[in-house]
1. Only Cα pairs within less than 10 Å get springs; with that Gaussian network setup on the chain, which residue of Pro35, Pro12, Pro113 has the largest fluctuation?
2. If R₀ is 22 angstrom, what is the calculated FRET efficiency for the pair Asp99 and Lys75, using the beta carbon separation as r and rounding to 0.05?
3. Mind listing which trypsin sites (Lys or Arg not before Pro) in region 29-126 are in a DSSP loop and have 11 or fewer other Cβ atoms within 10 Å?
4. If I model a spin label at Ser39 and Val107 as a point 7 Å from the Cα along the Cα→Cβ vector, what separation in nanometres do I get?
5. Let me know the volume per residue of the alpha-carbon convex hull for region 30-90, in Å³.
6. Compute for region 1-68: radius of gyration divided by Kirkwood radius, i.e. Rg/Rh, restricted to C-alpha atoms, rounded to two decimals.
7. Helix 86-97: angle to the longest alpha-carbon principal axis of the chain, degrees 0 to 90, nearest 10?
8. Per-residue counts of other Cβ atoms within 10 Å, averaged by peptide: what ranking do you get for 60-68, 20-28, highest first?
Amino acid sequence: MAKQIVATDKAPAAIGPYVQATRLGDLIFTSGQIPLDPSTMEIVAGGIEAQAEQVMKNLIAILDQAGSGTAKVLKTTCFLSDMNHFAAFNQVYAKYFGDSAPARSCVEVARLPKDVLVEVEAIAYV
């Protein structure tokens, strides 16, 4: 079974030595998504809500390209720059998963790429 690269122009291009996602068999492993607008490669304006919305849009674009979707996400790992954003982040996050919420870890970290407020990665199936 060979690893396949998943790539779409509907999500930001990788800004380092990594890919948007990889697929092995029926499993999809996304790289962490930050709130970059894929058309400008700039961080979206606004606070945690705006950044979380963009992160989820980027994540969904990659999952769609891989033939998956939010209902098929098994696990996410969410990184927040400040745990005081937890409730606001959850409100945005919940809109995208509804009744099909996956297992999740959510942690505060000292710093994220480009000093964003949030990053999310996922493991899903096809």
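The values are calculated or read from the model by the stated rules, or taken from the named source; none is laboratory data. Model, not experiment: these values are computed from the prediction. Because the Cβ atoms are built from the backbone with ideal geometry, glycine has one as well, and the counts that use them run over all protein chains shown. Quick note on the areas: whole protein, heavy atoms, side chains included, nothing else; ligands and nucleic acids left out. Shrake-Rupley method; radii C 1.70, N 1.55, O 1.52, S 1.80 Å.
1. Result: Pro113 has the largest fluctuation of those listed.
2. Values: r = 17 Å, r/R0 = 0.76.
Computed FRET efficiency for Asp99 and Lys75: 0.85.
3. Numbers: sites: Lys57, Lys72, Lys75, Lys95, Arg104, Arg111, Lys114; in loops: Arg111.
When the trypsin sites (Lys or Arg not before Pro) of region 29-126 are filtered for loop state and at most 11 Cβ neighbours within 10 Å, Arg111 remain.
4. 3.6 nm
5. Working: hull volume 5.4 nm³, N = 61.
Looking at region 30-90, the number lands at 89 Å³ per residue.
6. Details: Rg = 12.2 Å, Rh = 12.3 Å.
We get a ratio of 1.00 for region 1-68.
7. Tilt of helix 86-97: around 30 degrees.
8. On the way: 60-68: 20.0, 20-28: 17.4.
Ranking, from highest mean packing down: 60-68, 20-28.
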